[in-house]
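Asker: Below is a structure I'd like to ask you about.
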Amino acid sequence: MEKEAKRDLRRGYTTGTSAAAAAKAAAFALLSGKRVRVVEVTLPPSRRGPASIKIPVKSVSINGASATAVVVKDGGDDPDVTNGA
């Protein structure tokens, strides 16, 4: 039997990180009146990775005293049922 070639896993981000990114984008929009396309989310300390990650924001809407932001989750090579949602 042939060995399967190892490949690097594509990285993604968790549901919680996606939610934090959307919340940050909405809060920024509400406080500043500006819509962002990317937000930076601080991650817990790790030996391997960066301390923060930049996440694209699909859309932001401001309606009076409220704001909504949409982030599409990318689970990388470890997707779950929320991947792409």
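The values are calculated or read from the model by the stated rules, or taken from the named source; none is laboratory data. All values reported here derive from a predicted model rather than from experimental measurement. Note that we place each Cβ from the backbone using ideal geometry, even for glycine, and neighbour counts take in every protein chain shown.
Asker: Looking only at segment 1-45, how many residues end up being hydroxyl-bearing (Ser, Thr, Tyr), modelled with pLDDT under 95 and surrounded by fewer than 13 Cβ atoms within 10 Å (Cβ to Cβ)?
Answerer: 1
Asker: Still on this structure: Among the residues of segment 64-77, which ones are modelled with pLDDT under 75 and either in a strand (DSSP E or B) or in contact with a Gly (Cβ under 7 Å, 6 or more places away or on another chain) (or both)?
Answerer: 75, 76
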